[in-house]
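Participant: Dropping a structure here in structure tokens format, bear with me for questions.
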Amino acid sequence: MTERQQELERIRDEVRQDPEDVSDDTMKYFWKLVRQIKREPQPDDDEIIVAAEARDILFEVSRGRTYRLGPSLAVMTLIGLVPLAVYLWLLQTPLVWSSILTWTLTDIWQVVFRFICVMGVVAFFYPLGRVIAGMVLGIRLLGMCRDQYYEPTIKIDYVTFLKTPPPKRKWFFFFAGFWTVITSIIVGIIGLIVAGDLTGFIPATILLLFEGYVVYSGNPSPTRGEMGHYNREKKIEKAWRKKLAQPE
């Protein structure tokens, strides 16, 4: 048993005893150990299992119940079709984009309502980004839960996540984040074909600029969404590659 595994087991046992009263120092030390595992070219399976056990306990306390993935995705998709249907209904009202400078207040409100609908579609279809990325990159997903902002998200199976090499973890988060742009563009294309509408491309542009800024800044904070996670894994990947290049 490695020294790191002993420390992870100690933390896991401490977390089990009172998961709602874990000190900040313990949390910081735990995530430090997790980052060390992530940097390993060949991470130890036993360390991964213990780390995942501790993380799952902490996750349940902070995020609450996890719901089955299939039914949850079905519900989210059905709800997401509602703003899409409203958006298509709004397209029945003519809106001439070439005359944007002469729009009336009614026209402006029409764009606002369409914009809200597109963002609704993006929000409810967002979990599909993680599902697609997980299927392609081999990261198992456990179900749907809430994130730190009480919005729906997908819970990752931490064992398969830690076993997945950093480049794949990095691209998992990148695609999950960029999926919001893709979704908005898809709605934009539908609107363009149906009624020559450009509203869908507005949130796509905003999201692209924001996510591009986060990637450019290199900020690894989870408050920056999926691209913040992408930046974190990108930094870990650099350390992982250095270790990989070292002679045994």
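Bear in mind these aren't lab numbers, they're just calculated from the coordinates by the rules spelled out. Computed from a prediction, not measured in an experiment: that's the story for all the values here. Cβ coordinates were reconstructed from backbone atoms using ideal geometry, including for glycine residues, and neighbour counts include every protein chain displayed.
Participant: Assuming R0 = 30 Å, can you tell me the calculated FRET efficiency for the pair Ser62 and Lys235, based on Cβ-Cβ distance, to the nearest 0.05?
Facilitator: The calculated FRET efficiency here is 0.80.
Participant: Given (i) 66, 40, 35; (ii) 71, 40, 30; (iii) 57, 40, 35, which label gives Cα extents along the principal axes in Å as computed from the coordinates?
Facilitator: Calculated Cα extents along the principal axes in Å: the matching label is (ii).
Participant: Right, here's the next one. What distance in nm lies between label points placed 7 Å from Cα along the C-beta direction at Lys242 and Leu209?
Facilitator: 3.6
Participant: Something else now. Take each uninterrupted DSSP H stretch in the chain, measure its Cα extent along the helix axis, and return the ones at 18 Å or beyond whose mean Kyte-Doolittle hydropathy is at least -0.5.
Facilitator: Values: long enough: 3-17 (22 Å, -2.23); 24-39 (23 Å, -1.06); 45-63 (26 Å, 0.16); 69-90 (32 Å, 1.89); 105-125 (30 Å, 1.80); 166-195 (43 Å, 1.34); 201-217 (24 Å, 1.56); 226-245 (28 Å, -1.73).
Taking the DSSP H segments of the chain (at least 18 Å long, mean hydropathy at least -0.5), we get 45-63, 69-90, 105-125, 166-195, 201-217.
Participant: I need to check one value: relative contact order of the chain, counting alpha carbon pairs closer than 8 Å and at least 6 residues apart, in percent.
Facilitator: Reported as a whole number, the value is 21 percent.
Participant: So if R0 is 35 Å, what FRET efficiency would Val82 and Arg140 give, r being the distance between their Cβ atoms, rounded to the nearest 0.05?
Facilitator: The pair Val82/Arg140 has a calculated efficiency of 0.70.
Participant: With only Lys, Arg, Asp and Glu charged, each at its Cβ (+1 for the first two, -1 for the last two), find how big the charge dipole of region 53-157 is about the Cα centre; round to the nearest 20 debye.
Facilitator: Result for region 53-157 is approximately 160 debye, rounded to the nearest 20.
Participant: If you take the beta carbon distance between Ile193 and Gln148 as r and set R0 to 35 Å, what does 1/(1 + (r/R0)^6) give as a FRET efficiency, to the nearest 0.05?
Facilitator: With a Förster radius of 35 Å, E is 0.40.
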